[in-house]
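The values are calculated or read from the model by the stated rules, or taken from the named source; none is laboratory data. Just so it is clear, the structure is predicted and the values come from calculations on it, not from any experiment. Quick reminder, even Gly has a Cβ in these numbers, built from the backbone with ideal geometry, and neighbours come from all protein chains shown. These area figures cover heavy atoms from the full protein model, side chains too; ligands, DNA and RNA do not enter into them. Shrake-Rupley method; radii C 1.70, N 1.55, O 1.52, S 1.80 Å.
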Amino acid sequence: MFSAQIVLGVKHWTPELFSFSLSRPDGFKFQSGQFVMLNLPERDGYQPKPRAYSIISPNYADELEFLSIVAPDGQLTTHLKDIVPGDHVLVGSKPTGTLVHSALLPGRNLYLIGTGTGIAPWMSIARDIHTYGDEDLGIDRKFDTVTLCHGVRHARELVFRDYLEQGIFAEELLGDVVRGRLRYYPSVTREAFVRNGRVTDLITSGQLFRDLGLDQTQFDPATDRVMICGNIPVNHAMKDICVAHGLHEGSTHRPGTFVMERAFVDHATP
Ligand SMILES: Cc1cc2nc3c(=O)[nH]c(=O)nc-3n(C[C@H](O)[C@H](O)[C@H](O)COP(=O)(O)OP(=O)(O)OC[C@H]3O[C@@H](n4cnc5c(N)ncnc54)[C@H](O)[C@@H]3O)c2cc1C
């Protein structure tokens, strides 16, 4: 079942990437990190094709925000890219997905690994106070630190960079919770940037841990938890790394020390 929601805002980051916010359907509940099906209303010349989208808002938000690729010849996104405030987008009624807190065993350090639009679920998790916990608010401490790794080809694809470097720390309430605990770790593969290289290589070489000032060369199953969302080659490579470092895959039925979104996208690696 789908409900028609109003487009409240649209931001075009590059010709191939845009984000947009929709009204939140009445009674719509979701866990931070979940995805939902989106579609456009039927109209002349357009056959609706529902597609999965990670919700980038945290679960307490009044609006639902999404980040989208414009896929070449994509059946949905070549139309979706033209939405403007006041238009309608259809939102599925059943959010789901494994990239949620409850699929992970308790730990100290959470690593969110995303490539391309795979940053989408991390924008939700990184903005959810329950990811960190807060004694003053009576929310149990979940993770001491959260490291959000975003790998892209070109620096212009580092959507939300300003927000993750600055804006989030100025947010009322959330800013105090994330200060000193959220670390943003962007990397670029196809042009000069402050950090170059595939996120998988930065992890296997130990560079990630050195850059974070940590006295370790790989993930520690006793303390570290990993969530993975990228294209299929990145997901497989990250899974192999996690298993080699002694982590085991979790699900919402059986929490583990890492989780991944199996179905995300099959496009080429950055
Ligand atoms: C669980 C899940 C969550 C998803 N969350 C998001 C999200 O938050 N944002 C998002 O943009 N997409 C997301 N996707 C992909 C999304 O469902 C669509 O595939 C995408 O919107 C393109 O739809 P389309 O009909 O225009 O093109 P499609 O016909 O679906 O795809 C056309 C081509 O584009 C490639 N492609 C599709 N999506 C992407 C992408 N995100 N990045 C790079 N290449 C891609 C495909 O591999 C294919 O080759 C998600 C997919 C799954 C399964």
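Here are the numbers for this structure:
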{"read-out": "Filtered residues of region 86-106 (kept if over 19 Å from the mean Cα position of the chain (by Cα) and surrounded by 21 or more Cβ atoms within 10 Å (Cβ to Cβ))", "value": "Val89"}
{"read-out": "Number of the exception - Ser54 against (1) within 12 Å of the ligand (Cβ to nearest atom); (2) polar (S, T, N, Q); (3) over 20 Å from Cys149 (Cβ atoms)", "value": "(3)"}
{"read-out": "Options Pro221, Pro255; residue that is within 26 Å of Val36 (Cα to Cα) and not aromatic (Phe, Trp, Tyr)", "value": "Pro255"}
{"read-out": "Condition check for Gly116: open to solvent by 10 Å² or more (accessible area, probe 1.4 Å), touching a residue at least 60 places away in the same chain (Cβ under 8 Å) and not β-branched (Val, Ile, Thr)", "value": "yes"}
{"read-out": "Unmet criterion (only one of (1) under 19 Å from Phe143 (Cα atoms); (2) in a strand (DSSP E or B)) for Pro186", "value": "(1)"}
{"read-out": "Complete set of residues in region 58-78 that are within 14 Å of the ligand (Cβ to nearest atom) and open to solvent by less than 60 Å² (accessible area, probe 1.4 Å)", "value": "Leu64, Glu65, Phe66, Leu67, Ser68, Val70, Ala71, Gly74, Leu76, Thr77, Thr78"}
{"read-out": "All strands (runs of 3 or more DSSP E) inside region 35-127 with 1 or more residues being under 23 Å from His154 (Cα atoms) and at pLDDT 95 or above", "value": "51-54, 63-69, 109-115"}
{"read-out": "Search result, residues across region 156-175 that are open to solvent by less than 10 Å² (accessible area, probe 1.4 Å), within 16 Å of Phe18 (Cβ to Cβ) and more than 17 Å from the chain's Cα centre (by Cα)", "value": "none"}
{"read-out": "Conditions (1) open to solvent by 40 Å² or more (accessible area, probe 1.4 Å); (2) under 16 Å from the mean Cα position of the chain (by Cα); (3) in the same structural domain as Val159 (by TED's automatic domain parsing); (4) without any contact (Cβ under 8 Å) to a residue 60 or more places away in the chain; number of the one not met by His130", "value": "(4)"}
{"read-out": "Test: residue in region 148-155 that is in a helix (DSSP H, G or I) and either open to solvent by less than 40 Å² (accessible area, probe 1.4 Å) or at pLDDT 95 or above (or both)", "value": "yes"}
{"read-out": "Every pair of residues 6+ apart whose Cβ atoms lie under 6 Å, when the first sits in region 66-80 and is farther than 11 Å from Lys49 by Cα while the second is within 6 Å of the ligand (Cβ to nearest atom) and part of a strand (DSSP E or B)", "value": "Phe66/Tyr53"}
{"read-out": "Among the residues listed as Val226, Val234, Val178, Val259, the single one being at pLDDT below 95, buried (at least 18 other Cβ atoms within 10 Å of the Cβ) and either more than 30 Å from Leu137 (Cβ to Cβ) or not charged (D, E, K, R) (or both)", "value": "Val234"}
{"read-out": "Residue check for Val226: within 19 Å of the chain's Cα centre (by Cα), among the hydrophobic types (A, V, I, L, M, F, W, C) and not in a helix (DSSP H, G or I)", "value": "yes"}
{"read-out": "Among the residues listed as Lys49, Lys29, Lys81, the single one being near the ligand (Cβ under 8 Å from one of its atoms) and either surrounded by fewer than 18 Cβ atoms within 10 Å (Cβ to Cβ) or farther than 22 Å from Met260 by Cα (or both)", "value": "Lys49"}
